[in-house]
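Single-structure report; data block below.
The values are calculated or read from the model by the stated rules, or taken from the named source; none is laboratory data. This one's a predicted model, so the numbers in the text were calculated from it and none came from an experiment. Methodologically, a virtual Cβ is constructed for each residue, glycine included, from the backbone with ideal geometry; neighbour enumeration extends over all protein chains shown.
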Amino acid sequence: MKQVRRNCIGLISLAISLAAACPAAAQVLPKISAGVSQKTGQKALSAAVRPQTAWKPVLQVGASASVKGAAAAVFKQPSSKPSATMKIRPDSPQNPFSWAKESLQKQFGPFQPVRIGSEWFTSRKALKQAVDESYQKVIQFQQEHFPQLEDVLIQRIIYQPFKQVTPLTLTLNKEILYANQNLLERMNWLKRWPDKGRQELRAFYARQAFSFLVRQVQHQKMLLIGERHGSPHVQRQLVDLLLQIKHAYPARRVVVFSEFLDLPPVAKPDGAALSRYYRRVSEETLPTFQPEQLAEDRYGEKVFARLDKAGVEVYPLEDPVQNKIFETELEEKQQLCLFTISSRNKTWARVIESKMAEIRKTDPDALFVVYAGIGHTSWMVPQSLPKFFANEQPVVVEMSDNSLSRYNLLHPVWGREDAVFRLRETTTLLYWNGQYARQLAKQTGFDYALIFTGK
């Protein structure tokens, strides 16, 4: 009986604290007091505050964070999983129950419970086991279906799993497994095609290569040009191509977006976090071309200087705040992976879409060109830019120097020894022909492949 009375006194103290934080909790106090005053205090107390399950509080949605934290700290959960309605909030001086976080740490350890999809992880050990399993699934899948990983260049770079024990890593590995599965399906599809699609791939050479591509652009709304970074020669040829398009259609407004120019920041990098950052696009934050960026020692500065001089509009896409967050919160290898590429593509797509809508108010026939890396523009990469603009029926051009790029599906399916990958002696344009041209393009990664010779 003494133990029961001590428990009752403890509950009364809790009720007083809860009443101070939440008026609704004050209704419980008279019942508890009445129950204690009786000789059969245990029965009365049980009738007054009987929980639905053994010592598990029912926390209503909308209850204050302080009440939730206090209840979670006092009533020990019988299950290893936290209640679905309980939210673990950061400690703060304004929180009258700041000790709740310490109590949770005593219950679960320094690791804070986290929910990933439908699964709860209440310990680092459990999360590590899940990360290790997700990592091994990707490795085993690759070893089984891609014995020659060096032939799948895009997979070797951005489709690799990670081992860091974080909730993000577990999510990344699941996405990467899906990307590998998608890649295998594409490869099998092309292998089943008659002669693996070789009969549908055609070519133009030298001057005809440029003139043919310029003619194909005439009725297009959007052109996505992807490069393998680090070739000044390819960049010079890119400018020549865009100037020829501008000269061929002088009445048409040509607008270029590029990842190699930075958007003005909309938040301070020091106060931003990966879990909360989202760049909103409005009329006030629409991209504008800043000529002073050309004076900086930046990648592709000669490209933009020539285009600006010729009257071709150029707008930035890269969000420096987002990149700073990646550098701060992700491991070095994670900074170039499917997740970061997809995240940047989502930001770019919002910027492009908003600017396109503004320009089309006065120039509905404008041609929009996106100049970025192949990993952003390829049809075969999940959540790539052309998929965000499917309604525009975009055309994807893959640029490379001296030989066909290996960032497409032909390299792993046709093989590195195939004649299509030989060194070129003159500028070459490869393209898909026939009624299934578009289908082959979306499977292999490109509509047109432009190969430049020289250095």
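Worth pointing out:
- Qualifying positions in region 214-233 - touching a helix residue (DSSP H, G or I) at 6+ places or on another chain (Cβ under 7 Å) and at pLDDT 90 or above: Val214, Val217, Lys221, Met222, Leu223, Leu224, Ile225, Gly226, Glu227
- Meets criteria (surrounded by fewer than 14 Cβ atoms within 10 Å (Cβ to Cβ) and either of a type in the set (Gly, Ala, Ser) or under 17 Å from the mean Cα position of the chain (by Cα) (or both)) for Ala206: yes
- Every residue from region 379-402 that is touching a strand residue (DSSP E or B) at 6+ places or on another chain (Cβ under 6 Å) and polar (S, T, N, Q): Ser400
- Reported count of residues in region 385-398, each being buried (at least 22 other Cβ atoms within 10 Å of the Cβ) and modelled with pLDDT under 95, is 0.
- For the condition in contact with a strand residue (DSSP E or B) (Cβ under 8 Å, 6 or more places away or on another chain) and closer than 15 Å to Arg438 by Cα, Arg198 does not qualify.
- Residue satisfying all of: in region 429-450; polar (S, T, N, Q) and buried (at least 17 other Cβ atoms within 10 Å of the Cβ); farthest from Arg202 (Cα to Cα) among these: Gln443
- Residue selected from region 157-195 under the condition assigned to a loop (DSSP other than H, G, I, E, B) and touching a Leu at 6+ places or on another chain (Cβ under 7 Å), by the criterion surrounded by the most Cβ atoms within 10 Å (Cβ to Cβ): Tyr159
- Screening the candidates Leu213, Leu238, Leu243, Leu224 for the property of being in a strand (DSSP E or B) and either more than 30 Å from the chain's Cα centre (by Cα) or among the hydrophobic types (A, V, I, L, M, F, W, C) (or both) yields one hit, Leu224.
- Taken as a whole, the structure leaves Arg198 outside the set of residues that are assigned to a strand (DSSP E or B) and surrounded by fewer than 14 Cβ atoms within 10 Å (Cβ to Cβ).
- Matching residues in region 115-156 - criterion: being charged (D, E, K, R), part of a helix (DSSP H, G or I) and without any contact (Cβ under 8 Å) to a residue 60 or more places away in the chain: Arg124, Lys125, Lys128, Asp132, Glu133, Lys137, Glu144, Glu150, Arg156
- Set Thr426, Thr453: member being surrounded by fewer than 22 Cβ atoms within 10 Å (Cβ to Cβ), polar (S, T, N, Q) and in contact with a Phe, Trp or Tyr (Cβ under 7 Å, 6 or more places away or on another chain): Thr426
- Among the residues of region 434-454, some residue qualifies, meaning at least one is in contact with a strand residue (DSSP E or B) (Cβ under 8 Å, 6 or more places away or on another chain), in contact (Cβ under 8 Å) with a residue 12 or more places away in the chain, assigned by TED's automatic domain parsing to the domain that holds Val214 and among the acidic types (Asp, Glu).
- For region 307-319, a tally of residues being among the aliphatic types (A, V, I, L, M), in a loop (DSSP other than H, G, I, E, B) and crowded, with 18+ Cβ neighbours inside 10 Å returns 1.
- Pair list, Cβ under 8 Å, 6 or more apart: region 219-246 residue surrounded by fewer than 17 Cβ atoms within 10 Å (Cβ to Cβ), other residue assigned to a strand (DSSP E or B) and small (Gly, Ala, Ser): His229/Gly373
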